[in-house]
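Following: one structure in structure tokens, then a few remarks.
The values are calculated or read from the model by the stated rules, or taken from the named source; none is laboratory data. Since we're looking at a predicted model, the values are computed, not measured. No Cβ is skipped: glycine too gets one built from the backbone with ideal geometry, and neighbour counts run over all protein chains shown.
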């Protein structure tokens with residue numbers, strides 16, 4: 001159990017925090033690699049969680065070599081992932097709506113800080129029925145440095161007009177947690193595909209099994 005102070009704003013990561021999309025993305029990467037006859041390893045896919053497309057591509061090239069067909073992989077991935085979005089194959093994480101109802105009742109504004117590019121983020125949030133819940137979005141194609149740099153959480157806080165130290169960040173990746181911490185923002189790590197690494201553990205970041213735990217902590221605040 002952990003405790004929280006009532007924040008002036010909440011900034012959500014999107015994939016793996018609001019949407020159960022990380023597993024879909026990992027499957028799409030594996031299918032894309034198979035389709036183009038390229039090698040793939042699950043641990044490489046997991047290492048991409050929280051990163052933007054540019055940094056993900058760099059990570060893939062570092063893992064498989066500079067001659068890896070990254071453009072072909074990205075094209076094959078995008079085809080499969082966009083199809084999953086259109087088919088509505090990406091469900092909400094549990095207690096998303098309940099948490100928003102709680103925050104709305106207390107007039108606590110919300111933003112998204114996602115490594116996903118804006119056009120895709122807006123589409124995913126709209127299809128999930130979440131886009132109207134947010135006062136602002138900060139997206140991966142709008143900052144120079146992606147997570148774990150603080151840029152994207154700082155941008156989201158600026159959009160809301162709230163100092164980072166008065167915001168609460170909700171994240172599911174180690175890169176995202178580092179981003180929020182670097183922005184001087186309190187953060188809770190949602191345990192999805194990843195567990196906190198040694199550095200995150202040393203920082204004493206609160207961890208939650210689901211958004212239900214966050215909701216209960218806010219209700220106790």
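Points worth noting:
- Within region 192-206, if we keep just the residues that are without any contact (Cβ under 8 Å) to a residue 60 or more places away in the chain, surrounded by 15 or more Cβ atoms within 10 Å (Cβ to Cβ) and outside any helix (DSSP H, G or I), the residue that is nearest to the chain's Cα centre (by Cα) turns out to be 196.
- Looking across region 107-121, the residues that are in contact with a helix residue (DSSP H, G or I) (Cβ under 9 Å, 6 or more places away or on another chain) and not in a helix (DSSP H, G or I) come down to 108, 109, 110, 111, 112, 113, 114, 115, 116, 117.
- In the set (1) at pLDDT below 95; (2) under 19 Å from residue 14 (Cβ atoms); (3) surrounded by fewer than 14 Cβ atoms within 10 Å (Cβ to Cβ), residue 132 fails one condition alone, (1).
Residue-wise test of (1) in contact (Cβ under 8 Å) with a residue 12 or more places away in the chain; (2) within 14 Å of the chain's Cα centre (by Cα); (3) not in a helix (DSSP H, G or I).
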site	(1), (2), (3)
156	yes, yes, no
162	yes, no, yes
178	yes, yes, no
188	yes, yes, yes
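- Counting only helices (runs of 4 or more DSSP H) wholly contained in region 1-106, the ones carrying 2 or more residues that are in contact with a strand residue (DSSP E or B) (Cβ under 9 Å, 6 or more places away or on another chain) and modelled with pLDDT of 95 or more occupy 96-105.
- Within region 103-116, residues that are in contact (Cβ under 8 Å) with a residue 40 or more places away in the chain and at positive phi have Cβ atoms under 8 Å from residues that are crowded, with 18+ Cβ neighbours inside 10 Å and in a helix (DSSP H, G or I) in no pair, counting only partners at least 6 apart in sequence or on another chain.
- In region 164-191, of all residues being more than 26 Å from residue 23 (Cβ to Cβ) and in contact with a strand residue (DSSP E or B) (Cβ under 9 Å, 6 or more places away or on another chain), the one that is surrounded by the fewest Cβ atoms within 10 Å (Cβ to Cβ) corresponds to 166.
- Given (1) farther than 28 Å from residue 178 by Cα; (2) touching a helix residue (DSSP H, G or I) at 6+ places or on another chain (Cβ under 9 Å), number of the condition residue 74 does not satisfy: (1)
To keep it simple, each residue is scored yes or no on (1) surrounded by fewer than 18 Cβ atoms within 10 Å (Cβ to Cβ); (2) under 18 Å from residue 194 (Cα atoms); (3) in contact (Cβ under 8 Å) with a residue 60 or more places away in the chain; (4) assigned by TED's automatic domain parsing to the domain that holds residue 126.
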residue	(1), (2), (3), (4)
32	no, no, no, no
37	yes, no, no, no
42	yes, yes, no, no
45	no, yes, no, no
71	yes, no, no, no
78	yes, no, no, no
